[in-house]
1. Order these by the 10 Å Cβ neighbour count, fewest first: R7, R105.
2. How much net charge surrounds K94 when only other residues with a Cβ under 14 Å from its Cβ are counted (Lys, Arg +1; Asp, Glu -1)?
3. For a label point 7 Å from the Cα of E102 along Cα→C-beta, name the residues of the stretch 47-90 whose backbone N is under 15 Å from it.
4. Tally Lys and Arg at +1 and Asp and Glu at -1 over the other residues with C-beta under 14 Å from the C-beta of G13: what net charge comes out?
Amino acid sequence: DILAAFRMTPQPGVPPEEAGAAVAAESSTGTWTTVWTDGLTSLDRYKGRCYDIEPVAGEENQYIAYVAYPSDLFEEGSVTNLFTSIVGNVFGFKALRALRLEDLRIPPAYTKTFQGPPHGIQV
């Protein structure tokens with residue numbers, strides 16, 4: 001799985017658990033409209049899952065939402081696809097007053113699919 005940690009501030013009246021689940025859904029398979037391809041496959045295996053939420057120490061109404069995304073959700077070798085999916089549309093989400101990607105953990109097997117330059121960090 002690809003793991004992301006988001007710092008989020010929910011809108012007043014939105015529980016942090018609901019906000020975390022919404023971030024996971026919106027940044028993976030969730031959408032506000034009906035898509036004709038939805039019936040072609042089960043989306044359960046592609047859903048992002050918010051597996052933990054922690055309050056940020058010393059900050060009122062701020063939380064870290066930990067989200068796991070199945071690697072199968074993303075196109076191999078495409079940094080653009082990865083970041084567009086995780087951070088593309090979710091930052092305008094109305095259930096949140098603020099959202100920031102704090103950390104992203106990518107498994108070595110997935111990073112090896114990126115062509116990249118022939119020098120630099122070895123995986």
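1. R105, R7
2. Numbers: positive: R97; negative: E18, E26.
Summing Lys and Arg as +1 and Asp and Glu as -1 gives -1.
3. Correct set: 51-68.
4. In short, 0.
Every number in this text was worked out from the coordinates using simple rules, so none of it is lab data. All values derive from a computational prediction rather than experimental measurement. Using ideal geometry, Cβ is built from the backbone for each residue, glycine included, and neighbour counts are taken over all protein chains shown.
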